[in-house]
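Q: I'd like to ask some things about the structure below.
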Amino acid sequence: MSFIKRIALHLFLIPLVLILPPLAYDYISHTELSAVPGMLMLGSLSYPVYFSYLATRLHSARISFILLHLIALLTISFFTLEASGSATPLIVVLLPAILGLVTLPAAVVAKLRKRRPLAINCLLSSLVSGPLGLALSMLAIDGVGMSAMSGMRW
């Protein structure tokens, strides 16, 4: 892709990423969907999509894989924390931890199949995203616990 095409693409994508979330928020806030938890933040999905596009443009497949896994983890965590409340099921609150460690079994399977580069990628990705996913799940569990204590003033 030529240099001018890349600049034109980013000049199109960046305003789209910056304009789409307020438009989606404005549209959803005037409908009955605004009562659904987390629905008002739906427009912010344009940010991880743009960052995923940038991550796929990197020349290192290992870094791209780790960044895509991290972007997916942070996106799921953000919407989990945004939509969680006192009635949130435990499996939803544990989604960030599950997603952070999901590449660990994939690393074992890749190692058993003698695919060493894939096993290393999966292991590094789980080492980066695993502790972050566990911490975010703990934060979500604390948030669910605190939301059940209505009437208390901090």
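Q: How much length is gained on full extension from residue 83 to residue 8, taking 0.36 nm per residue of separation minus their Cα-Cα distance?
A: Length difference between fully extended and current span is 23.4 nm.
Q: Working from the pairwise distances between different alpha carbons, so that the mean of 1/r is found and then inverted, what is the chain's Kirkwood radius in Å?
A: After inverting the mean inverse Cα-Cα distance, the result is 17.8 Å.
Q: What are the membrane-span-like helices in the chain by this rule: whole DSSP H runs, Cα extent along the axis at least 30 Å, mean Kyte-Doolittle hydropathy at least 1.6?
A: Span-like helices, by this rule, are 61-83.
Q: I'd like the accessible area for residue 2: 1.4 Å probe, protein heavy atoms, all chains in place, Å² to the nearest 10.
A: Counting only protein heavy atoms, residue 2 exposes about 60 Å² to solvent.
Q: Once Lys and Arg get +1 and Asp and Glu get -1 on their Cβ, which of 120, 31, 51 lies farthest toward the positive end of the dipole of the chain?
A: The residue sitting farthest along the positive end of the dipole is 120.
Q: Between 33, 124, 99, where does the largest GNM mean-square fluctuation fall for the chain, given springs only between Cα atoms within less than 10 Å?
A: Highest fluctuation among the options: 33.
Q: Could you order 59, 10 by accessible surface area, starting with the largest, using a probe radius of 1.4 Å?
A: Correct descending sequence by accessible area is 59, 10.
Q: In debye, nearest 20, what is the charge dipole magnitude of the chain about its Cα centre with +1 on Lys and Arg Cβ and -1 on Asp and Glu Cβ, if you could check?
A: Computed charge dipole of the chain: roughly 1040 debye.
Q: Over the chain, average the accessible area per residue using a 1.4 Å probe and give it in Å², no decimals. Don't jump to the answer; show the numbers that get you there.
A: Details: 10300 Å² over 154 residues.
I get 67 Å² per residue for the chain.
Q: Where the centre of each part is set by its Cα atoms, how far does region 32-63 sit from region 85-120, in angstrom?
A: Here the two parts' Cα centres lie 20 Å apart.
Q: Restricting to DSSP H runs of at least four residues, report the calculated mean residue ellipticity at 222 nm for the chain, -39500 (n - 2.57) per run over all residues, nearest 500 deg cm²/dmol.
A: Using -39500 (n - 2.57) per qualifying helix, the result is -24500 deg cm²/dmol.
The values are calculated or read from the model by the stated rules, or taken from the named source; none is laboratory data. The structure displayed is predicted, hence computed values, not measured ones. As a convention, Cβ positions derive from the backbone with ideal geometry for all residues, glycine included, and neighbour counts pool all protein chains shown. With ligands, DNA and RNA removed, areas are computed over all heavy atoms of the protein, side chains included. Shrake-Rupley method; radii C 1.70, N 1.55, O 1.52, S 1.80 Å.
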